[in-house]
2 protein chains.
Amino acid sequence: MKVYKDLSPSPRTIMTPGPVEVDPRVLRAMSFPILGQFDPEFTSIMNETMEMLRKLFVTENEWAFPVDGTSRSGIEAVLVSLIEPGDKVLVPIYGRFGHLLTEIAQRCGAEVVTIEKEWGFVFDKEELVAAIRTHRPKLVAIVHGETSTGRMQSLEGIGQVCRDLDALLVVDAVATIGGVALETDRLLLDAVIGGTQKCLSVPAGMSPITYNSRAAAKIAKRKKIERGLLTGGEEESLLRPVQSNYFDLSMLQDYWSSARLNHHTEATSMLYALREGLRLVLEEGLEQRQARHKAHEAALVAGVQAMDLRLYGDASCKMPVVTCIEIPEGIDGESVRNLLLQDFGIEIASSFGVLKGKIWRIGTMGYSCSKRNVLLTLGALEAALLRHGHKLEAGLAVQAALNTYA
Amino acid sequence: MKVYKDLSPSPRTIMTPGPVEVDPRVLRAMSFPILGQFDPEFTSIMNETMEMLRKLFVTENEWAFPVDGTSRSGIEAVLVSLIEPGDKVLVPIYGRFGHLLTEIAQRCGAEVVTIEKEWGFVFDKEELVAAIRTHRPKLVAIVHGETSTGRMQSLEGIGQVCRDLDALLVVDAVATIGGVALETDRLLLDAVIGGTQKCLSVPAGMSPITYNSRAAAKIAKRKKIERGLLTGGEEESLLRPVQSNYFDLSMLQDYWSSARLNHHTEATSMLYALREGLRLVLEEGLEQRQARHKAHEAALVAGVQAMDLRLYGDASCKMPVVTCIEIPEGIDGESVRNLLLQDFGIEIASSFGVLKGKIWRIGTMGYSCSKRNVLLTLGALEAALLRHGHKLEAGLAVQAALNTYA
């Protein structure tokens, strides 16, 4: 019989735009014994997690809880619960994940209208407003931080326009939450989806979401109770049910509310992890954490520029937690990445679609966003470039980074 | 600022039909640092997990991998990928989870035909065959082990009938996999969904599935590639796409295949957990593990009967890993459960729908299925019943269980 060895992952410095290194306190939390899903100790952990999520999303929303799945499960839960077949949905696309929003909305039966921006740029407020006014969508879905291109879309002023025209505004903040400022209530965002494996430094496998009463009102109209749970006497609405059971937010709400109506079995260990990740965020403080992310970004960028490498994309909308670097002419980007991983134990990322093989992407997210990691990565990247015959003046990159810290 | 305390779950003996106690080796696996999703070390862990899942499901199927979500995510992934709107689907219902299959199939747009059995019983083979011949469904979805009633449906001979009539046979084995024999290939099952938090003793949050080439052929016809991943030149089928992106098995396949086409970010720590859980199953041996489950069931049942408690349901189809007990007249079932949890740290379950308040359910699953747990549970249940004024002869239950072990 084939022997499967003891798990023993090699040490890694993970500098991709996710998944990133997990805080050791979060790893420890996952090693605790589980509790039953209706154990009062566990439901209290569920409630605490909801409270902390509200602080993370800077919202007073009643609903803030994780969907049990990776980040796109949260996106799909929000879209499938808010989109009825035939609804017009506007998706402004400026990278891969705008296409993902489009594709999910289409599968929900939406009539999707898109506007597209050349990769590397984002939309002006006026362009977004004009598109919303022209198309009068029932829902606008937009990415806050596009890891595929390393760009960040300003959302200032968009919420009010959506509200004036009775559209719901849904924001994919998977890559930014916990690392970049995003104030759900002030920006009038109706629903926001976060990710765990990026700036929160929790493993992939949960997607925290929040939505307000405008979104909840639409969800309430589509409510359905599983027949196997009926005890008799309930009114069952059969009006336009959500086309997914797993992602039906009206059911997830009932499970996360004091009613505790059984839906799935909550993913205990992942919830332990999310709770600990949120504790770490709140202990550090949202603003302090954002400042830390900016400081290490500055050091990384200084080091990259000191190697005469060119940053990809429009600098005015650079995402603070992802740095995209154009792969120099004549250099095999994958070969450099392999050398970094195999010899240095450092992982950086390539990109998708049209940017595949054109850029490297370096994340500075969560626990991975540290002075140590930035310095080690710059030193290793310099060595890898030299090893691949690229001309540069050795030693400058790390010194430049150290200067920004000084 | 509110202080959220260090995680410190109280010790628990979890004797519900899931989630159950997690093997300490699995807990330890989750505390290891993560690897990037395309790190060769990690993709090798993915491949090993697929190999071990094939052994668990007793199949030569190419496709055997986890869906990143709780058990019903696996069910929904299989159903939404195999059911096209308008397809006729037959669901034989004999408990809550048959209703769940119905409800998910309906949300997939199926024309669902159901046959129902009184709770506490299962179908005869002839009844199933007759229904399949009468309704000629494109897909039959059935629960193998119904935890709501503690019954197990024999699947012998059903696969051949489905094959003869060109129907796909989908089996929900969430509650039985890893504890009860289930031979996917011999039984001609086209797709099987397992659960982690029951007989595998891995936390909830992943759902291992397998499906054969008949199922894969249907999935292949609906294949779609995300636009944001297109590099140019691909043929994109827009024929009847699956109404979910997250659960589209044609995409999940590409991610789990050597193509490694990016879909979600695999839930690293949960995959570590599943891999370790599967190692434990294979080290113990499938047959030895099934025998262990039967041995502890026998001891539990002997103890329960020694207290003159009545077992619920048809004994000939009792699930070996769940024991349902009728709550005696005049006893408040929830009060007994609360006493067990609060004073003894032992959790047993109630049930759903029409059985709510009528029965207790005790699981003997995975790591929780041990002599120690059975003896402690019987002793505590006896004490709780005495405390609630129930008449019984003290001491008999534990002695009866010890006798079966002797």
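The values are calculated or read from the model by the stated rules, or taken from the named source; none is laboratory data. Only a predicted model underlies this, so the values are computations on that prediction, with no experimental measurement involved. Note: ideal-geometry Cβ built from the backbone for every residue, glycine included; neighbour counts use all protein chains shown. To get the accessible areas, we keep the full protein, side chains included, count just its heavy atoms, and leave off ligands, DNA and RNA. Shrake-Rupley method; radii C 1.70, N 1.55, O 1.52, S 1.80 Å.
General observations
- Verdict on A:GLN253 being touching a Gly at 6+ places or on another chain (Cβ under 7 Å), among the polar types (S, T, N, Q) and modelled with pLDDT of 95 or more: no
- Residue check, A:PRO19 in contact (Cβ under 8 Å) with a residue 60 or more places away in the chain and either buried (at least 20 other Cβ atoms within 10 Å of the Cβ) or closer than 29 Å to A:LEU376 by Cα (or both): yes
- Residue that is farthest from the other protein chains (Cβ to nearest Cβ), among those in the stretch A:86-98 that are open to solvent by less than 10 Å² (accessible area, probe 1.4 Å) and among the hydrophobic types (A, V, I, L, M, F, W, C): A:LEU90
- Just one residue in the set A:ILE75, A:ILE14, A:ILE83, A:ILE34 is in contact with a Cys (Cβ under 8 Å, 6 or more places away or on another chain), buried (at least 24 other Cβ atoms within 10 Å of the Cβ) and not hydroxyl-bearing (Ser, Thr, Tyr); that residue is A:ILE83.
Rundown of residues vs (1) more than 8 Å from chain B (Cβ to nearest Cβ); (2) among the hydrophobic types (A, V, I, L, M, F, W, C), yes/no style:
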| position | (1), (2) |
| --- | --- |
| A:PHE32 | no, yes |
| A:GLY36 | no, no |
| A:LEU56 | yes, yes |
| A:LEU100 | no, yes |
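- Of all residues in the stretch B:261-299, those being within 30 Å of B:LEU396 (Cβ to Cβ) and either at the interface with another protein chain (Cβ under 7 Å from one of its Cβ atoms) or more than 21 Å from the chain's Cα centre (by Cα) (or both) number 2.
- Taking the stretch A:346-383 as the range and being among the aliphatic types (A, V, I, L, M), under 21 Å from the mean Cα position of the chain (by Cα) and within 11 Å of chain B (Cβ to nearest Cβ) as the test, the residues that pass are A:ILE348, A:ALA349, A:LEU355.
- A single entry from B:ALA64, B:ALA110 fulfils the requirement of being assigned by TED's automatic domain parsing to the domain that holds B:TYR211, open to solvent by less than 10 Å² (accessible area, probe 1.4 Å) and in contact (Cβ under 8 Å) with a residue 12 or more places away in the chain: B:ALA64.
- Taken together, the residues in the stretch B:194-212 that are away from chain A (no Cβ under 14 Å) and not in a loop (DSSP other than H, G, I, E, B) amount to 3.
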